[in-house]
């Protein structure tokens, strides 16, 4: 992997990675819904957010019956990792596989860690709302495009456009007050 440099935004034409994008979107919804089930509710569902990490996306630490766990999408090694404070980590390879298979593997991994989580398995905010356990349609994964996507995410916050910089400065100088 080449080192990241400032303003090294890779090309990411949607037409070339649309199938991978659609699959990855469903996979992140599964992990986001796990986060939703395990974290306190926050306005606008902000508790479902996945955060950019040095290797991909992370749930950050979540509580489960006096234990801690974290789920990470590693877009360098192309693995989903589930780590706990008191047991071995579980990994799932990120490769071409159906959403149904990814969902089952993820739930099996959580169950093997004695951390079963029940989620609503219907995706949201998409036209094709196939329940995760039945979704054989979305099954693409191109590691090259996923890594490009992640590289863009890592730079988006740190290299804002001039308009974004202006809004950030305005926000810092005069915060909006709720009335």
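The values are calculated or read from the model by the stated rules, or taken from the named source; none is laboratory data. As the structure is a prediction and not an experimental result, all values here were calculated from the model. All Cβ positions, even for glycine, are placed from backbone atoms using ideal geometry, and neighbour counts span all protein chains on display.
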With the first residue restricted to region 110-127 and required to be free of Cβ contacts under 8 Å to residues at least 40 places away in the same chain and on the phi > 0 side of the Ramachandran plot, and the second required to be surrounded by fewer than 18 Cβ atoms within 10 Å (Cβ to Cβ) and outside any loop (DSSP other than H, G, I, E, B), Cβ contacts under 9 Å at 6 or more apart or on different chains are 114/67
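Here is a list: 36, 24. Which entry is at pLDDT 95 or above and part of a helix (DSSP H, G or I)?
Values: 36 fails: at pLDDT 95 or above.
When all the criteria are applied, what remains is 24.
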Please determine whether any residue of region 72-80 is crowded, with 19+ Cβ neighbours inside 10 Å and in contact (Cβ under 8 Å) with a residue 60 or more places away in the chain. yes
Which pairs turn up if I take residues in region 93-108 that are within 18 Å of residue 74 (Cα to Cα) and look for partners that are modelled with pLDDT under 95 and assigned to a loop (DSSP other than H, G, I, E, B) with beta carbon separation below 9 Å, at least 6 apart in sequence or on another chain? 99/123
Considering only residues of region 138-179 that are in a loop (DSSP other than H, G, I, E, B) and under 20 Å from the mean Cα position of the chain (by Cα), which is modelled with the lowest pLDDT? 157
